[in-house]
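Heads up: the structure comes next, in C-alpha cells.
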Amino acid sequence: MKLIIDLLGWTGALLLLGAYGCVSSRRLRPDSILYQIINGLGSCFLVVNTVYYRAFPSAFVNVIWICIAVSAGIRMRGRAQNVLRTDG
C-alpha cells in the first residue's frame, strides 16, 4: 500500500509541475480545460499522499487547489456553452 501511495504522490507532483511548465512555456493556456484537469488530478493524488502521511497542511492546500481547478473548469464550461448558444 505504501508503494501505491508514494507513486500517487510522485505522479501528482509531476502532474502539477508539468502543467505549470506547460503554461510557462505556452504549450498550454492557463484558461484551458486540460490545464484545469491536470491540476485537479495532480492535487487529488497529492491529497491521498499527504493524508496518508498525516501532512495535513499540505493536504489542505491541495484540497483548495482542487476547488480552484473545479471552479475554473465549471466557469470555462459555462462560457463555452454561452458561446455555442450565441453562435448557433
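One table, with the values for the structure above:
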read-out	value
Criterion violated by residue 72 - all others in (1) free of Cβ contacts under 8 Å to residues at least 24 places away in the same chain; (2) more than 26 Å from residue 5 (Cβ to Cβ); (3) buried (at least 17 other Cβ atoms within 10 Å of the Cβ) satisfied	(1)
Residue list for the stretch 43-57, filter: among the hydroxyl-bearing types (Ser, Thr, Tyr) and surrounded by fewer than 15 Cβ atoms within 10 Å (Cβ to Cβ)	53
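Each value in this text was obtained by applying a stated rule to the coordinates, not by laboratory testing. Note that the structure is a prediction, hence the values are computed from the model and not measured. As a convention, Cβ positions derive from the backbone with ideal geometry for all residues, glycine included, and neighbour counts pool all protein chains shown.
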